[in-house]
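The values are calculated or read from the model by the stated rules, or taken from the named source; none is laboratory data. Given the structure is predicted, the values throughout are model-derived calculations rather than measurements. No Cβ is skipped: glycine too gets one built from the backbone with ideal geometry, and neighbour counts run over all protein chains shown.
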Amino acid sequence: MCGFIGGNLFADRSHALESLATIEHRGKDSTAVQCVAGDFWFGHNRLSIQDISDDAHQPMTVGDITIVYNGELWENTIDKYDALLRSKYDFSTTNSDTELLIYMYIEYGLEMFDRIDGMYSFALYDGSKEQIILGRDWVGRLPFYYIENYKKVAFASEYKALSETFYNNSVDIKIMPPSHYYIWDLYESRFIEKKQYYDIRKNICKSDTEEEVVKSEIFNRLFEAVQNELIADVKLCTILSGGIDSVIITYFLKMLIPDIKSYVVNVGRGKNKDDLYYAKMAAEWLDIELEEVRVSKTQINQKLSESIWASESKVWHQVSPAVAQLFLSKKISKDGYKVVFGGEGADEIFGSYGNIQKMYYKQDTNKEARINLINNLHKNNLIRTNKAMMFGGTVELRTPFLDKNFVEYGLSVVTIDAKHHSHDCYVDINWSNGGHMKYMLRKAFEDTGMPKELLWRKKETFQVGCHTDYLRDEKERIEKIYAHKFKLPYVPKKEITMKKSNILLRDKKDLNGIEKFLDYPVHILGAMEKFPPYISPDDIEILSTKFTKVGKTTLDRFPNLRLVITRGHGNDFVNQELCDKKDVKVVRLNPYIESCARWCVDKVDKGPVTIFGAFGTIGKRVVELLKSPTTGVCPLFCIGSEGLDDVMSWDLSHTVISCVSSSNENKYFFNKALFEKFINPVNFISISRQKTHNNNDLVDLLNDGNRFREIHIDTVDAHRRDELLKFNNFHYYEHTSWNYVEQNNDELFGKLKKVIDEHKRIHTD
């Protein structure tokens, strides 16, 4: 585990060193900065884990290749490639995975991303091509940020290394996405390629149906994952919170390292049956040493500012565990450990969040929600813990639950309550009444002798278990400290309530972090929130909304409304005619076109494909994606929503995609008469709104059994929905297409700000 910086935005060596100094906590065993080409700098702070000799320091150069690397290659990669490549090339180190990574690039080029397993982020300079390669592991276990600014680029292991160094430049700092590599060409001074090399959705294992098989697979695959991540030339320990996830990891480590030591943190005196209570129970069962790290609320208060800086977060439920983890990490480091194992990832794999369990009552949609949680780990819990553990004591966190092989299988495991569904399911027993989440994970370990009270402990968040959850009452203070630490504007909430604002942003879900883009106070309300009394309807000139309907009621309520910005792609929730009459301009940003289009295309299993609504915004993108050489789905029959094409081959189509708009003209567009025109059973995929489907006809056609191979519908109304869900080939997704592809909110915020700024400019002038 290390920290690095790089780029040609740095003015000189001292400037690069200044940036590197902000993340010195990520590695104190060596620090070095090197100019790799022209004005392009690499810098590295090392924490020595594998090959702790000076020979393995970075930046490391072999021939034309120089690398700065943060992470570890796992045992399976080293076993497969180390001896092979050492027999072919002249290695200068004994067992450095950094050097191995260089030779894997020399041997395999960019195909190395398909071959390496580990947690990593790195930057590699290829002098023969004059290119910089940026790479990140499939799930993003380690942080990675970058700036692209006027033919210049800079990157770093943490946000602060860029925000502190380039604050005066007002640059846009972005997150390097997991499962990607980027290529920066030094001649062209731009990224010439940004490629996703792995997609978890396409690699999920086929579900097993026998409970004993599932239990065995979970146990064995997780054990292999722990073994795979043991590689180190330093001492290892484990976090033991007493939750089922950390207990399982510690159980395996005890099998492999008999004298393994564990740590638990507790704030205050502790309460009955908190993390400390269960950690002691687990330690006694496993017969291992448990170190209790006791912290007072006074100590937490003293470290609050530091934890905000460490976690780079202003959200209380990220800061509150981070501050406890600072003390935990400091103690672990003081005891001579550099590597600690944790249970992160299990909650996401098995969907053990109440909203996931309750929101989705069909296996495929539940799975989609869990995939989204996995794909966003690099933005929240996982990265927060990594940063906190590194900042507190420079300790590397390993998370075997996020082993690729285990995740691919874990996502195939059904977690829906069988009482609510007739399908073959493995149950989170009666979750609605406070039962046990991660049911099959727990079942896999019920024969280990684990005390039942431990095995079936109710899930608690880390902050609840260690008692830092009281910091939810410090939300405003946390936000204020964050703004100060990261040099951002802060307007206290009390001040906002006293000011008049002419902008109302509705639907909070996709607006987190927008305040850094808008330099004027705005009102941000959730879709269901009531308007507070301090918002005067007469003051609202601009309304931005995702789902909120804009019709006569809204327009009458805000008499001075002049601009409506919609962030959804539907056309039915804004009364365009009435807006035109009242001289209210409507701007549609449509940020989710790509997400919805890719959702449709991914469901295509066979061509030819008929696309209804092919000439709309989403339909056009679906056609583009299907025409891509990599998709290979042809021919395509493209049809507008206005009617059917006479030359269409009803006997050829195997897949039907709906992108038609939800206008009154298209009500019940997809009915029995339409589907009976198709000679063969079809795979029906619909991104359209509810009113385009005739549910009565769909039930009849499904009962017929000869019309559909599969149905994938993103949204469907409640009428006869329960009947539709009984069919195994009917899949309902509850609008998961909106989040199917990871969205770059910065892009959305930029578009939103541009529209608002242009409106203000016109009407101010």
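When you look at LYS303, is it farther than 29 Å from LEU454 by Cβ, in contact (Cβ under 8 Å) with a residue 24 or more places away in the chain and in a helix (DSSP H, G or I), yes or no? It would help to see each step written out before you state the result.
Values: farther than 29 Å from LEU454 by Cβ: yes; in contact (Cβ under 8 Å) with a residue 24 or more places away in the chain: yes; in a helix (DSSP H, G or I): yes.
Criteria met by LYS303.
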Within region 1-115, considering only strands (runs of 3 or more DSSP E) that don't extend past its boundaries, which have at least 1 residues that are charged (D, E, K, R), assigned by TED's automatic domain parsing to the domain that holds MET176 and crowded, with 19+ Cβ neighbours inside 10 Å?
40-46, 65-73
Taking the condition free of Cβ contacts under 8 Å to residues at least 24 places away in the same chain, outside any loop (DSSP other than H, G, I, E, B) and not β-branched (Val, Ile, Thr), does GLU577 pass?
yes
In region 37-88, the residues that are polar (S, T, N, Q) and more than 27 Å from the chain's Cα centre (by Cα):
SER48, GLN50, SER53, GLN58, THR61, THR66, SER87
Only residues that are more than 27 Å from GLU72 (Cα to Cα), without any contact (Cβ under 8 Å) to a residue 60 or more places away in the chain and either among the hydroxyl-bearing types (Ser, Thr, Tyr) or part of a loop (DSSP other than H, G, I, E, B) (or both): list them for region 190-232, please.
GLU210
So which residues in region 340-364 are among the β-branched types (Val, Ile, Thr), modelled with pLDDT of 85 or more and either within 20 Å of PHE144 (Cβ to Cβ) or in a helix (DSSP H, G or I) (or both), if there are any at all?
ILE349
Can you report the number of residues in region 552-574 which are surrounded by fewer than 19 Cβ atoms within 10 Å (Cβ to Cβ) and part of a loop (DSSP other than H, G, I, E, B)?
7
Starting from residues that are of a type outside the set (Ser, Thr, Tyr) and surrounded by fewer than 22 Cβ atoms within 10 Å (Cβ to Cβ), keep the ones in region 125-145 and report whichever is nearest to LEU20 (Cα to Cα).
LEU134
Scan of region 178-189 for residues that are crowded, with 17+ Cβ neighbours inside 10 Å and either in a loop (DSSP other than H, G, I, E, B) or over 17 Å from the mean Cα position of the chain (by Cα) (or both), ordered by number:
PRO178, SER179, TYR182, ILE183, TRP184, LEU186
Output for region 240-262, where each listed residue is in contact with a helix residue (DSSP H, G or I) (Cβ under 6 Å, 6 or more places away or on another chain) and either hydroxyl-bearing (Ser, Thr, Tyr) or not assigned by TED's automatic domain parsing to the domain that holds VAL323 (or both):
SER241, SER262
Determine, yes or no, whether ALA282 is in contact with a Leu (Cβ under 8 Å, 6 or more places away or on another chain) and crowded, with 19+ Cβ neighbours inside 10 Å.
yes
Considering (1) loosely packed, with under 14 Cβ neighbours inside 10 Å; (2) at pLDDT below 95; (3) within 27 Å of ASP602 (Cα to Cα); (4) not assigned by TED's automatic domain parsing to the domain that holds THR394, say which one THR209 fails and leave the rest.
(4)
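If you take the residues of region 674-708 that are part of a helix (DSSP H, G or I) and β-branched (Val, Ile, Thr), which of them is modelled with the lowest pLDDT?
Here is the first cut: in region 674-708, the ones part of a helix (DSSP H, G or I) are 674-675, 690-692, 695-704.
Now restrict to residues that are β-branched (Val, Ile, Thr): 692, 699.
On the way: THR692: 88, VAL699: 91.
Per the criteria, the residue is THR692.
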Scanning region 14-46 for residues that are touching a residue at least 60 places away in the same chain (Cβ under 8 Å) and of a type in the set (Gly, Ala, Ser), which turns out nearest to ILE132 (Cα to Cα)?
ALA37
How many residues does region 595-619 hold that are over 22 Å from TYR732 (Cβ atoms) and not in a loop (DSSP other than H, G, I, E, B)?
1
Verdict on LYS367 being assigned to a helix (DSSP H, G or I) and modelled with pLDDT under 95
yes
